[in-house]
1. Just checking the output field for A:11-17: average partner chain Cβ neighbours within 10 Å of each residue's Cβ?
2. So how tilted is helix D:71-102 from the main axis of chain D? Cα-based, degrees 0 to 90, rounded to 10.
3. Quick one: net charge of B:V174's neighbours, Cβ under 14 Å, K/R +1, D/E -1?
4. Find which of D:H102, D:V73, D:L45 sits farthest along the positive direction of the dipole of region D:4-109, computed with +1 on the beta-carbon of Lys and Arg, -1 on that of Asp and Glu, about the Cα centre.
5. Are there any chymotrypsin sites (Phe, Trp or Tyr not before Pro) in region B:104-209 that are in a DSSP loop and have at most 16 other Cβ atoms within 10 Å? List them by number.
6. Can you list the trypsin sites (Lys or Arg not before Pro) in region C:366-429 that are in a DSSP coil and have 11 or fewer other beta carbons within 10 angstrom?
7. For region C:111-116, take each phi angle, set θ = phi - 60°, evaluate the Karplus expression 6.51 cos²θ - 1.76 cosθ + 1.60, and give the result in whole Hz per residue in order, putting x for glycine and proline.
8. Considering amide H positions built from the backbone, and no H for Pro or chain starts, which residues 5 or more places from C:L5, or on another chain, come under 5 Å of its amide H?
Amino acid sequence: MADAVIVVALLLVAASATAAVAQREPARQALVLSVLGVVLAVLFTVLQAPDVGLSQLAVGSALTPLLIMLSVRKVRRQARAKDRAR
Amino acid sequence: MSQRLRLWLLAVGGAGVAALLVAACLDLPAFGGRRHPYGERAVAASLARHTANTIASLNFDQRAYDTLGEISILFAAVLGCLVLLREARDEHRAQPQPAEVALPVRRYALIALPVALLTGLYVIAHGQLSPGGGFQGGVVAATALHLLYLGADYRALERVRPLGVFDVCDALAVSAYAVLGLAGLLAGTAFLANTLLPYGTFNTLSSGGTVPLLNAAVGMEVASAVVLLLAGFLDQAVEIEEERGS
Amino acid sequence: MHHLLPLLFAVPLLGAALLVATGRRLPRAVAETTGCAVSGATAALALVLLLNSAPPLVEWVGGWRPVDGESVGIVLVGDGPALGMAALDSLLTLSALVYSWRYFDEPPRGHAGSYPALMLVFQGAMCGFALAGDLFNAFVFFELMSVVAYALTGYRIDEPKAVQGALTFGVVNSLGAYAMLMGIGLLYARTGELAMTKIGRGLDDAAGQGGPDALVLAAFVLVMTGLLVKAAAVPFHFWLPDAHAVAPTPVCMLLSGVMVELGAYGVWRVYGTVFAGPGGIPAADLTRALVTLGVLTAAIGAVMCWYQRHIKRLLAYSTVAHTGLFLVGLGVLTPEGDDGIALYLLGHAGVKAALFACTGALLDRFGSVDEQALHGRARGMRAFGVMFAIGGLALAGLPPFGTALGKAITEEAVGGPLTLVYVLASAVTAGAVLRVTARVFLGLGPRPEDAAYETSGSDERPETGRRLSRIPDSMTAVPAVLLAAAFAVGVAPGLAAVVARSVNEAGSGGAHTSVHWTPHGILLGLVSTLLAVGLAALAVTRPRRLATPDWALPLRRLQSGHVGDYVAWLLVGATVLGALTLPGVLGG
Amino acid sequence: MHVLPYLVAAYVFLTGCYGLATSRNLIHTVGCLAVCQSSTYVLLLAVGYRDGATAPVFSDLAPGSRPVVDPIVQALTLTDIVVGATVTALLLALVLQIAKRHGTLDPDELRELRG
């Protein structure tokens, strides 16, 4: 039973990692990365690593995507300001 | 270099590394094996020092020096980000407009905030007993503070987040960790030796000697580091603008 | 005494924390004085420990001394080479801080302490990496060192080149670090240990009579990839010129003078303690891999160095060429080779840092580091001209500089055609430096014309806010002292013997070697110096004859400044490394 | 099942490398680096797993009553995760400055450092 859950979690990790690389639009990539974070947290929990799962949840699915979103926002705002100045 | 050449290189290099990794995987001990000599020693050492969560014992006692290196990475990265995201010569700050927030969002954020903050603190405090600790709790508590940005607006966030104080906290937390290490040295044992305090009763909040103290220092470091990092990025995203015409 | 080892990391860290905590209120002069004082104190501590490092100091952090040979803690190894690297990086950090004394403009508003604080953390990280006896601990300090270096490289945020170079540096080095961590994971899976000596023993036990298998090979390749990225061996080297050419000058002194060399040191340490046993990588395979990559690195570094006009980039490529030479010397796995490289590295650190310091003075005086734009303009800076020329000659291996002694001993150890590589690589890089001296400081020769595909150094901003009309004394004194130190390495009586003894004690089981000047070595040193002077003279008088030939253009095009290219090269490099070490694994 | 977790780790690493090499946007590049790093977490935790074992937390588990998984790799992964987040932050800060100074985030259009 545990084995089956681990296999599913592993395959989900592989799939969401592929999606995170394939999604070339940064704002959407941030969302996919946070999905990857959640899936990894699940995998770590079934691998009996709750400590790691918890920090992956906090860092991988919240903090990192948040930083990416803020960067995207800054770049967009800058592009808009440039357009207006023109 | 052309796109095509790069893809060829990537294919060659990728194939080589893939072959290497697959061959290595086939030689690895089968998944789920029983032989973990260092792990078993670590569990025994953790129990001998009355720390219920072996991970906490590893991070704050047996391999506490790694953790010192790790919070220094955090400390250095925050310092680096503040330097890299400073206002350049040709930039200025613009006051952000107060934004209208939909009522349900505001309600949700303001209710979730104290809950998340308390969860963070609880997770920090129980680091040596249950899963969690300074890292996880610190990130949760610091991120929670930013619900204020979602619920109210940027200026409300700026009021509850005096950056100068967090700067000092950031530095103090790292110093506290290092000074606790020095205390071990001065007491005549070794740097970061966990021999200063009694190990306490197994499975209580004060068990584990200096583990709870180091854990608290890490919690403080992580929380202030995350606040400062997010502040740097928010500043860029909301406030700092380039001068017109440059 | 051994209890003091962790302080080499803790003291600069505490100093940095102090600077950050008080940074908002601190006047600049106080912040910089504090930085120098803490850095100096750490350097003094490193020197004291170094003098007491025979027999080697071993410290179990947290007092987790082994019980029945097993420990759960982290071990620090303070032997001669480790403490020597720690002392070298501390002294170099101190000189970089003195060099930037009141020189760096515009500390970020309200953060007067942040630049010295970053430098202090950098110093502590390099000490920590040098002392690490535990593989994961080495990774942690490797990352700390890298993170600080990215921030320092991008310090001048309004320079487009600086931020681009820093990002390239960051992406490539982080990827290298993750490869190294995967390697550590594989080694942990096989042996269940993290201390380097225990991993080595574990590999030998696991192999039994069989020798290494694919897992050991993969772990070796991954760990070495991380370290060779740091050491900038071809084809992992692309990030280095991009980063070193754009970083602030005092940071360049550290990056080129000691951080890259720490990568080579890591290769030596990790191979010697982890992979040297019967269960590791056979010596013949390591020699094949390191000598091949080293020769390639030296050749490409030297050729690219010759064709640069951006002076900092030129010096960066000369660092690439010299690390190639270091790798060859370490790769032959003889005690004499190790001794020679240790001395070469000490001399090179002083010379290279001094050359960067002189270039920084040019940048701040003229707002340019372009060889062609500066043609003849620095005639008035006589002291710097003399120091630049001396630096060039020392780089070529003019006796009795430390570089010459180290090179001579290594040449003897490698023997045969590899000697030629040493003579040529040092002559070409030194020739380029002397050419710059002749053109910029003496104004010799006609002004050359522009080529198509290259980075010019003319629209750079001085690092001092405004151009300096007079170079401060501290900026003149630092390169002079560094050159004097490089000279002292070659002539100080008994120093070479002490270095050799401590290196052999740590590396080759206390083999006895005699290291001293030989007529043969002096002759080779003079030959490469003459060659360098001749090349420089030819380039200045007949610039057309040595213009970029067609065969060198594709080589220059490889350096495209594109992160994606560099990542692809990193994978190719790992594959090449694997292919070069494969025969021993198949044979075993 | 014996090697699947290791193969997944290798796959994720190489996928991330592919993304890094072919990326057309530097923010995406940094995201791909985070993907590369997550492969190290998977590898480390897979190495430490033990069949039928539980987490090494003894607050409601009598010591010795059940086997536990290897705590070492968990401590290492924890460190690794924090390192990853900080590296991401630092690189994103650099990316923001590149966007300002070069006006583009496409690595193909950054032409300052060549030769």
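1. Counting Cβ atoms of other protein chains within 10 Å of each residue's Cβ and averaging gives 5.
2. 10
3. With Lys, Arg at +1 and Asp, Glu at -1, the neighbours total -4.
4. The listed residue farthest towards the positive side: D:H102.
5. B:F202
6. C:R379
7. Going residue by residue, I get 10, 4, x, 6, 5, x Hz, with x marking Gly and Pro.
8. Close amide H contacts, sequence-distant or interchain: none at all.
Read-outs: derived from the displayed coordinates by stated rules, not from any lab. Keep in mind that what you see is a predicted model, and the values were worked out from it rather than measured. All Cβ positions, glycine included, derive from the backbone under ideal geometry; neighbour counts span all protein chains shown.
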